[in-house]
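Colleague: Just dropping this structure here.
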Amino acid sequence: GDSVTQMEGPVTLSEEAFLTINCTYTATGYPSLFWYVQYPGEGLQLLLKATKADDKGSNKGFEATYRKETTSFHLEKGSVQVSDSAVYFCALRAKTSYDKVIFGPGTSLSVIP
Amino acid sequence: DAEITQSPRHKITETGRQVTLACHQTWNHNNMFWYRQDLGHGLRLIHYSYGVHDTNKGEVSDGYSVSRSNTEDLPLTLESAASSQTSVYFCASSESGEPEAFFGQGTRLTVV
C-alpha cells in the first residue's frame with residue numbers, strides 16, 4: 001500500500017543553519033505531496049504542497065521539490081529560526097489510497113539560539 | 001471563513017465510559033477523516049467517510065465508531081474507553097479532486 005518514510009529525528013540545529021528533512025514515498029500513479037507543520041500545543045497546518053512531478057512547493061522560506069524519479073519530497077530551508085521549532089510531517093494523498101492523507105512519522109526540529 | 005472545529009479540546013474520562021468527540025466542518029466537503037496522534041507513530045487513520053451515510057475503517061479502528069448523518073459532522077465514539085485510547089485526536093476534511101486536506105485543532109483525550 002501507499003506509504004511515507006521520513007527521518008524521525010529529533011533534529012537540533014543552531015539558528016541560521018541549513019535544514020534538510022528527507023522524505024520518500026511509495027505510491028502508484030501520481031500522488032499529491034505535502035509537508036504539514038505542528039507547532040507545540042497546536043494542530044496541523046499545511047506548510048507546502050506539490051501536485052505533480054517537478055513541482056516546487058514553497059512557503060515561509062521552506063521549499064520541497066516533487067521528484068518522481070527518486071520518489072522523494074525533501075524539505076529544505078536555507079536559514080532556520082527559533083520560531084521554526086516544530087514537528088514536520090511529510091504526507092501524500094493518492095487516488096490509489098482513496099484520497100486518504102497518509103502521513104510519515106514526523107520529524108521533531110529544535111532550533112537553538 | 002470556512003473552518004473545521006473539534007470539541008471538546010480536552011477531555012478526561014474513566015475506563016469503560018462511552019465518549020463522543022465532535023467534528024464539524026463548514027466547507028461542505030464530502031470527505032472527512034479521524035486520526036490519532038501518538039509518539040513514535042505519527043498520525044494513524046481511525047475512520048473515514050466519503051459522504052453522508054458512508055463510513056469506512058482505517059488502520060486502527062478497533063474500539064471506535066463513526067456515523068455520518070449530514071455533510072458537516074463526523075462524530076467519533078469510543079464505545080468503552082480504554083487507557084490505550086489516551087491520545088490526541090485530529091479530524092480532517094477534504095474535497096475529491098482537490099489536493100489539500102484541512103485539519104481541526106485536535107482533542108486531547110485522557111482515559112484514567
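Colleague: When the stretch A:54-113 is examined, which residues are found to be assigned to a helix (DSSP H, G or I) and within 18 Å of B:Phe103 (Cβ to Cβ)? Walk me through how you get there before you give the answer.
Modeller: At the first step, the residues of the stretch A:54-113 found to be assigned to a helix (DSSP H, G or I) are A:82-84, A:95-97.
The one that is assigned to a helix (DSSP H, G or I) and within 18 Å of B:Phe103 (Cβ to Cβ): A:Ser97.
Colleague: Okay, next question. Residue pairs, Cβ under 8 Å, 6 or more apart or interchain, first in the stretch B:48-69 and over 25 Å from B:Val111 (Cα atoms) and within 14 Å of chain A (Cβ to nearest Cβ), second of a type in the set (A, V, I, L, M) and part of a loop (DSSP other than H, G, I, E, B). List them.
Modeller: Going by the 8 Å Cβ cut-off, the qualifying pairs are B:Ser49/B:Leu74.
Colleague: Determine the pairs where a residue that is away from chain A (no Cβ under 14 Å), located within the stretch B:8-33, has a partner that is part of a strand (DSSP E or B) and open to solvent by 20 Å² or more (accessible area, probe 1.4 Å) with Cβ atoms under 6 Å apart, the partner being 6 or more residues away or on another chain.
Modeller: Partner pairs satisfying both residue conditions: B:Ile12/B:Thr110; B:Thr20/B:Thr77; B:Ala22/B:Ser7; B:His24/B:Thr5; B:His24/B:Asp73.
Colleague: Could I ask something else about it? For the stretch A:34-49, how many residues are more than 9 Å from chain B (Cβ to nearest Cβ) and either touching a strand residue (DSSP E or B) at 6+ places or on another chain (Cβ under 6 Å) or of a type in the set (D, E, K, R) (or both)?
Modeller: Going through the stretch A:34-49 one residue at a time, the tally reaches 5.
Colleague: Can I ask one more? Step by step: first the residues of the stretch A:66-95, then only those that are more than 16 Å from the chain's Cα centre (by Cα) and more than 14 Å from chain B (Cβ to nearest Cβ), then the one that is most open to solvent (accessible area, probe 1.4 Å). Which residue is that?
Modeller: This residue is A:Glu69.
Colleague: While we're on this one: Filter the stretch A:1-54 down to residues that are free of Cβ contacts under 8 Å to residues at least 40 places away in the same chain and surrounded by 18 or more Cβ atoms within 10 Å (Cβ to Cβ) and give me whichever is nearest to B:Gly58 (Cα to Cα).
Modeller: A:Gly43
Colleague: Still on this model: Within the set of pairs 6 or more residues apart or between chains, which connect a residue that is at pLDDT below 95 inside the stretch A:77-93 to a residue that is among the basic types (Lys, Arg) with Cβ atoms less than 8 Å apart?
Modeller: Between residues of the stretch A:77-93 that are at pLDDT below 95 and residues that are among the basic types (Lys, Arg), the close pairs are A:Arg93/A:Lys100.
The values are calculated or read from the model by the stated rules, or taken from the named source; none is laboratory data. All values derive from a computational prediction rather than experimental measurement. Note that each Cβ is placed from the backbone with ideal geometry, even for glycine, and that neighbours are counted across all protein chains shown. Just so you know, the surface numbers come from the protein's heavy atoms only, side chains and all, with ligands and any DNA or RNA stripped out. Shrake-Rupley method; radii C 1.70, N 1.55, O 1.52, S 1.80 Å.
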